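The values are calculated or read from the model by the stated rules, or taken from the named source; none is laboratory data. In this text the structure is predicted, and so the values were computed from the model without any measurement. Using ideal geometry, Cβ is built from the backbone for each residue, glycine included, and neighbour counts are taken over all protein chains shown. Just the protein is used for accessible areas: all its heavy atoms, side chains included, with ligands, DNA and RNA removed. Shrake-Rupley method; radii C 1.70, N 1.55, O 1.52, S 1.80 Å.
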Amino acid sequence: AVVSTQSTGETKGIENPNIVAPITAHPAFDKAAAYFKIHIIHVPVDPVTYAVNPADVARAVNSNTICIVGSAPQYPHGVMDDMVALNDIAVRKGVGFHVDACLGGFLIPFMEEAGYPLPLFDFRLSGVTAISVDTHKYGYTYKGSSVVLYRTVEMFFYQITSTSEWAGGIYASPTMAGSRPGGNIAVTWAAMMSFGRNGYVSATKEVIAGARYLIAGLEKIPGVEVMGNPQVSCVAWTSNTFNIYNMSSDLTAKGWNLAVLQFPAGIHIALTQRHMAPGVIDELLSDIRDSAALQMSRPHEKATGAAAMYGMAAQIPDRSIVDDIAKEFWKLYYSTNNNSNNSS
């Protein structure tokens, strides 16, 4: 999608393209920008709602902007960006508009039918040029399958490459991966046919009801604050009273596998049908309630273990140091050299 948008920008004479995206947009946009030498302009989100302020996006757009990004919803806090307002900006500024529905793409289309209507977010908005959807999330199929949708066939055309003078014959490919697993495609199709529209509506209704139930429960726990207004399946919470990373350690010790957030610190869960089994959310709320009571009794308790590590990493002012450490991890992970003293 980024390649196609970049090529569309080139037809307009843009040689130094940029993408305007909220800081909560998925890092895949940063990854694509690094690969294709595109500048990312990160726009902060509202500290209360955790949605991007459309006015800030409008101010960030310039003559080199090829597209703006909106999340439906964003992963950290489960918050939907204001797609209608972002669409108006894209139309007014004459730039592309990518809706990242990788997380919510198999939930938000069915929410109205499930009884949880949302504002428009798709091609019914005239400025939306591309939508990304992960079938391997709430499409309930295997990882490695995903979909990008384009408003026009011309945008898809820019994604295709062709080499006609290769000795091995004409080689044309519509995706970055030259060889793709047909088994995964077949399983994805089978899963979608098995669920059908009614199945996805039913699953959506169940998951969204569970998320709303969790949010209502969290709002009743002293010391705990829900982050923003989660509207889909992801819910995040924090605390202004105690170190939320200590709660993360408490919940991990009780068997919960939850993600932690930074800037600001928080805890995140992406609810699925597995969490909808009887008593699961109530058990989670009970454990959160117990942890909150414990941490409220010792609000200045120093973090230890993983909680201390997350807190320390978030406090490093030069983020390039954190980036270097993360890259070094992967370099060592894939290294075939057993000599630990050789860093080549």
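Quick notes
- Helices (runs of 4 or more DSSP H) completely within segment 277-344 that count 1 or more residues being at pLDDT below 85: 305-315, 319-334
- Enumeration of residues in segment 171-210 that are among the β-branched types (V, I, T), closer than 30 Å to P230 by Cα and modelled with pLDDT under 95: T188
- Residues of segment 200-220 satisfying the condition of being hydrophobic (A, V, I, L, M, F, W, C) and open to solvent by less than 10 Å² (accessible area, probe 1.4 Å): A203, V207, I208, A211, L214, L218
- For segment 1-14, a residue qualifies if it is closer than 16 Å to T129 by Cβ and assigned to a loop (DSSP other than H, G, I, E, B), and the qualifying residues are A1, T11, K12, I14.
- Pairs where the first residue, in segment 35-61, is closer than 17 Å to Q74 by Cβ and the second is aromatic (F, W, Y), C-beta under 8 Å, 6+ apart: I40/F29
- Given (1) open to solvent by 70 Å² or more (accessible area, probe 1.4 Å); (2) touching a strand residue (DSSP E or B) at 6+ places or on another chain (Cβ under 7 Å); (3) of a type in the set (S, T, N, Q); (4) modelled with pLDDT of 95 or more, index of the condition S126 fails: (2)
- Among the candidates T141, T152, the residue that is within 30 Å of V91 (Cβ to Cβ), out of contact with any strand residue (DSSP E or B) (no Cβ under 6 Å at 6 or more places or on another chain) and either of a type in the set (F, W, Y) or modelled with pLDDT under 95 (or both) is uniquely T152.
- In segment 243-253, the qualifying residues are those that are within 19 Å of G217 (Cα to Cα) and of a type outside the set (A, V, I, L, M), and the one that is nearest to the chain's Cα centre (by Cα) is S248.
- Residue in segment 129-154 that is surrounded by the fewest Cβ atoms within 10 Å (Cβ to Cβ), counting only those that are more than 21 Å from the chain's Cα centre (by Cα) and closer than 28 Å to M193 by Cα: V153
- Selection of segment 237-267 for residues being touching a Phe, Trp or Tyr at 6+ places or on another chain (Cβ under 8 Å) and either open to solvent by less than 40 Å² (accessible area, probe 1.4 Å) or of a type in the set (K, R) (or both) yields I244, Y245, S248, V260, A265, G266, I267.
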